[in-house]
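Novice: Here's a structure for you.
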Amino acid sequence: QVQLVESGGGLVQPGGSLRLSCTASGIAFSAFAVYAMAWYRQTPGKERELVATISIGLGTDYSDSVKGRFTISRDTPKKTVYLQMNSLKPEDTAGYYCNRAAGNLPWGQGTQVTVSS
């Protein structure tokens, strides 16, 4: 079955950087190649927030809260999506998840990012 596995989270000081990865399995390359993909984040008690999207044509879009600091990219042959996070702030603390931009694949376990001094 389809599985999304996120990694790369951790504890980082304000102003620091992290690079998240998300690899898909159980999906044919031909299918993944036509998926617009996205990163989401969620904190306890709040709804999941769309952070960044990347289209099949490599067009990108970002929420205002991360624009200029985060960069989404993809390696389609590896069925992997990345999120480079720079200039991290305490308010970026959350569980980070990837999915299709439509959000209709089974959700993975996510990777926790904690920004704290």
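Novice: Considering only protein heavy atoms and a 1.4 Å probe, what is the carbon-and-sulfur percentage of the accessible area of the chain?
Specialist: On the way: 2970 of 6010 Å².
Answer for the chain is 49 percent, counting heavy atoms of protein chains only.
Novice: Same structure, new question: When ligands, DNA and RNA are left out and all protein chains stay put, how many square angstrom of accessible area per residue does the chain have with a 1.4 Å probe?
Specialist: Working: 6010 Å² over 117 residues.
Per-residue accessible area for the chain comes out at 51 Å².
Novice: Something else now. To the nearest 20 debye, what is the magnitude of the charge dipole of the chain about its Cα centre, counting +1 on the Cβ of each Lys and Arg and -1 on the Cβ of each Asp and Glu?
Specialist: My answer is approximately 160 debye.
Novice: Quick one: putting +1 on the C-beta of Lys and Arg, -1 on the C-beta of Asp and Glu, what dipole do you get for segment 16-80 around its Cα centre, in Debye to the nearest 20?
Specialist: Computed about the Cα centre, the dipole is about 180 debye.
Novice: Report, as a whole number in µm² per second, the diffusion coefficient that Stokes-Einstein gives for segment 62-117 at 4 °C and 1.567 mPa s using the Kirkwood radius over alpha carbon pairs.
Specialist: 102
Novice: If all Cα-Cα distances of segment 1-70 are sorted into 5 Å bins from 0 onward, what percent lands in each bin, rounded to whole numbers?
Specialist: With a bin width of 5 Å, the distribution comes to 3, 12, 19, 26, 21, 11, 6, 1.
Novice: I've got another one for you. Okay, helix-only estimate at 222 nm for the chain: each DSSP H run of n ≥ 4 adds -39500 (n - 2.57), divide by all residues, round to 500 deg cm²/dmol; what do you get?
Specialist: Rounded to the nearest 500, it is -500 deg cm²/dmol.
Novice: Please turn the phi angles of segment 106-112 into ³J(HN,Hα) values with the Karplus equation 6.51 cos²θ - 1.76 cosθ + 1.60 (θ = phi - 60°), one per residue in order, whole Hz, x for glycine and proline.
Specialist: Residue by residue, segment 106-112 yields x, 6, x, 7, x, 9, 7 Hz.
Novice: Further, regarding this structure: Add +1 for every Lys or Arg and -1 for every Asp or Glu among the other residues with Cβ under 15 Å from the Cβ of Phe32, and state the total.
Specialist: +3
Novice: For the chain, calculate the relative contact order in percent as a whole number, restricting contacts to Cα pairs under 8 Å that are 6 or more residues apart. Kindly include the intermediate steps, with their values, before the conclusion.
Specialist: Working: 276 pairs, mean separation 43.4, N = 117.
Answer for the chain is 37 percent.
Novice: Jot down the per residue volume, in cubic angstrom and as a whole number, of the convex hull over the alpha-carbon atoms of the chain.
Specialist: Here the figure is 90 Å³ per residue.
Novice: Rounded to the nearest 0.05, what FRET efficiency do Phe29 and Leu50 have when you use their Cβ-Cβ distance and R0 = 25 Å?
Specialist: Efficiency computed from Cβ-Cβ geometry: 0.50.
The values are calculated or read from the model by the stated rules, or taken from the named source; none is laboratory data. Computed from a predicted structure; not experimentally measured. Note: ideal-geometry Cβ built from the backbone for every residue, glycine included; neighbour counts use all protein chains shown. All accessible areas refer to the heavy atoms of the entire protein, side chains included, with ligands and DNA or RNA removed. Shrake-Rupley method; radii C 1.70, N 1.55, O 1.52, S 1.80 Å.
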